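The values are calculated or read from the model by the stated rules, or taken from the named source; none is laboratory data. Note that the coordinates shown come from a computational prediction; the quantities given were computed from them, not determined experimentally. Methodologically, a virtual Cβ is constructed for each residue, glycine included, from the backbone with ideal geometry; neighbour enumeration extends over all protein chains shown. SASA here: full protein model, heavy atoms, side chains in, ligands and nucleic acids out. Shrake-Rupley method; radii C 1.70, N 1.55, O 1.52, S 1.80 Å.
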Amino acid sequence: MGLANGSLTFFRLFYNENVEYSLADATELLKEYSFDRFYDSSKPLNYGFVPLGYPEVSDFDSAELLFDNTFIFTVRIDEKKISKKFFDIKFEEMKNDFLKQNNKEYLSKSDKDFIKNALTNKMHSQAYPATTLVEVIWEIDNKEIFISSLTNKTFESVVHLFRAAFEVNLFRDSLMETVKRKISEPYKIDDLKNVAPTGF
């Protein structure tokens, strides 16, 4: 999916802030919020910016980034998922071991919480993540961003990264927002949304 595979399926997001970034500024912000910089193996979810063509192109200094006033790069999202049934089995095993090792007949709530947290951290640290690479096309002149995937996790990750790095708040595209941008008096669309149905 995306540019690397020749797909033209992208999803449009937009923002209202007036921002302008030079190539040098954008490159520094992408490096500051890069995947490698924030990666933590103990976390179930990691995400950050990587260059287009990643992993063959591994750093922003050597990557092509700007094309005719359009920035193109990628967001990498790694998510570790734990099977609930497997977790429940291991949790029971650890509870039994804890009782034997500490000569206890029952577990307190704090004991159970301790075991559950220890097991969660252990399983997250040992699990392999599912990796998603989301290509981003940022047309600054039009205040538009196109992304190659639009799951809830993808949307939340991209929104958080753009807010933190570039100080813009991204929104999903909708028919109403598209019409508002195309007409000369966009407030009329808001008026239409507030019109109550007339009774007959």
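Please enumerate the residues belonging to the range 7-56 that are in a helix (DSSP H, G or I) and without any contact (Cβ under 8 Å) to a residue 12 or more places away in the chain. Give the derivation first.
Residues of the range 7-56 that are in a helix (DSSP H, G or I), as a first pass: 23-32, 35-38.
If the condition is that a residue be in a helix (DSSP H, G or I) and without any contact (Cβ under 8 Å) to a residue 12 or more places away in the chain, then 24, 25, 28, 37, 38 are the ones that fit.
It is to be established whether one or more residues within the range 39-51 are among the hydroxyl-bearing types (Ser, Thr, Tyr), over 21 Å from residue 161 (Cα atoms) and surrounded by fewer than 18 Cβ atoms within 10 Å (Cβ to Cβ).
No, the conditions are met nowhere in the range 39-51.
Check off (1) assigned to a helix (DSSP H, G or I); (2) over 17 Å from residue 49 (Cβ atoms) for residue 154 and give me the number that stays unchecked.
Among (1) assigned to a helix (DSSP H, G or I); (2) over 17 Å from residue 49 (Cβ atoms), residue 154 violates only (2).
Which is assigned to a loop (DSSP other than H, G, I, E, B) and open to solvent by 30 Å² or more (accessible area, probe 1.4 Å), of 96, 103?
Values: 96 fails: assigned to a loop (DSSP other than H, G, I, E, B).
Testing whether each residue is assigned to a loop (DSSP other than H, G, I, E, B) and open to solvent by 30 Å² or more (accessible area, probe 1.4 Å) leaves just 103.
Please work out which one of (1) modelled with pLDDT of 90 or more; (2) open to solvent by less than 90 Å² (accessible area, probe 1.4 Å) is the condition residue 36 fails and give its number.
Here residue 36 clears every test but (2).
Given the structure, is residue 88 exposed (fewer than 11 other Cβ atoms within 10 Å of the Cβ) and within 30 Å of residue 119 (Cβ to Cβ)?
The answer is yes for residue 88.
Out of all the residues in the range 120-136, is one or more surrounded by 15 or more Cβ atoms within 10 Å (Cβ to Cβ), of a type in the set (Val, Ile, Thr), modelled with pLDDT under 90 and within 24 Å of the chain's Cα centre (by Cα)? Before the answer, list the steps.
Within the range 120-136, the first condition is being surrounded by 15 or more Cβ atoms within 10 Å (Cβ to Cβ), and the residues that meet it are 120, 123-124, 127, 129, 132-136.
Filter again for of a type in the set (Val, Ile, Thr), leaving 120, 132, 134, 136.
From the residues that got through so far, the ones that are modelled with pLDDT under 90 too are 120.
Now narrow it down to the ones that are within 24 Å of the chain's Cα centre (by Cα): 120.
Yes, the range 120-136 contains at least one residue that is surrounded by 15 or more Cβ atoms within 10 Å (Cβ to Cβ), of a type in the set (Val, Ile, Thr), modelled with pLDDT under 90 and within 24 Å of the chain's Cα centre (by Cα).
Pull up the range 57-85, narrow it to residues that are part of a strand (DSSP E or B) and over 20 Å from residue 153 (Cα atoms), then point me to the one that is least open to solvent (accessible area, probe 1.4 Å). Before the answer, list the steps.
At the first step, the residues of the range 57-85 found to be part of a strand (DSSP E or B) are 66-67, 70-79.
Those still in the list that are over 20 Å from residue 153 (Cα atoms) too: 66-67, 70-72.
Details: 66: 67, 67: 82, 70: 22, 71: 3, 72: 24 Å².
Checked the range 57-85; the qualifying residue least open to solvent (accessible area, probe 1.4 Å) is 71.
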